[in-house]
1. Principal axis lengths of the range 221-344 from Cα atoms, whole Å, largest first?
2. Average projected area of the Cα convex hull of the chain, in nm²?
3. Among the aspartates and glutamates, select those whose C-alpha is under 20 Å from the C-alpha of K99, and discard any that sit fewer than 8 residues away in the same chain.
4. When only alpha-carbon atoms count, how far does the range 26-178 stretch along each of its three principal axes, as whole angstroms with the largest first?
5. Compute the relative contact order of the chain as a whole-number percentage, counting only Cα pairs closer than 8 Å that sit 6 or more residues apart in sequence.
6. Using a Cα distance threshold of under 22 Å, what count of lysine pairs results for the range 112-198 when pairs must be 8 or more residues apart or interchain?
Amino acid sequence: MHSIHPSRWLATARKVGVLSCFLIGSLPGFAAQEQVLNLYSARHYATDEALYSNFTRATGIKINRVDADDAGILARLKAEGSASPADVILLVDAARLWKGEIDDLFAPVQSPELLKAIPEHLRAKQRAEGTSWFGLSTRARVIVYDKQKFKPSDVDTYEKLADPKFLGRLCIRSGSHPYNLSLFSAMLEHLGTAATENWLKGLVANLARQPKGGDTDQIKGVASGECGVALANSYYLARLYRSENPQDKTVVERIGVVFPNQSSWGTHINIAGGAMARHAKHPQNAVAFLNYLVSEQAQKYFADGNNEWPVVKGLNINNPALKAMGGTSFKSEKLDTSVIGMNQVKVQQMLDRVGLR
Ligand code: FE
């Protein structure tokens, strides 16, 4: 046996004793783990800060956060392998959540709370060993149009964005951004290969400018008259609707918003969600954090703070911006996430062929 000098043993015992007293005293159930959670997050929303600090206040678990985009986080997890310090992963795209599961980057979680709170179609398949990832909020990909040039019926479907009427009028962010890839993957499921590729060709023909910037830039492009129509995630719009900034108010006055495909398959919805990392060093803290994210308080942050829709049903969400946009009751698309995920390779090849960067 390894020998240790009595005085050092005493010092160590004291340290451990003091430490475990502190942990057990302050938080039963977490004594075995360091009060830390390492979070890799693709959520890029300032209002989330309150979400994290409330968790720390309630549990004593400190959050160390690494920010990167979805693809960057998945690549980092792969590169780090079992040495990865990541405990929880937050991503903002359903297909990337699915990809993380397929690439075995997540550890299955057993949590009756999460299963009860989140509808089945908004989380990974439940298996005996647990569930791989959990949707925490949803967002809609809507169409924005210039009210001076067009009317809602001009853009009440995604298909219409390829109409020659919009020649030189369409603005979108990069075609291979996850938000667009997931929308196009859904279109492939609805329309089939030939029609989807034709539709994408139509989008390219209609571009007002090379894809650049984020969704907010497309919305502002419509308001400035440079673009006639654009695609954007609902929360970027809601942010402008809630803004007190006079320039943002001018933007909102000029644009109209349509939740497309109400008389067919419904408006495309994407999922932001979370998972425990495959090699999490603080698994109890990870599950505690994921459980916290479906609490009423956290869900209200998603809804009121970042203007998303909570996954937990029956919460009384009163978001005036979503109301003003017509986002309180609309038909949303219901597609299996694995379908969206699996279609992405094919869609990326189509984008390369039609030249939509
Ligand atoms: Fe975003």
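What follows is calculated from the coordinates using simple rules that are stated; it is not laboratory data. What you see is a predicted model, and the numbers here were worked out from it, not measured in a lab.
1. 51, 36, 28
2. Mean projected area of the Cα convex hull: 21.1 nm².
3. D67, D69, D70, E80, D87, E120, E129, E189, D336
4. For the range 26-178, the Cα extents along the three principal axes come out at 64, 33, 32 Å.
5. Values: 645 pairs, mean separation 93.3, N = 357.
Answer for the chain is 26 percent.
6. 7
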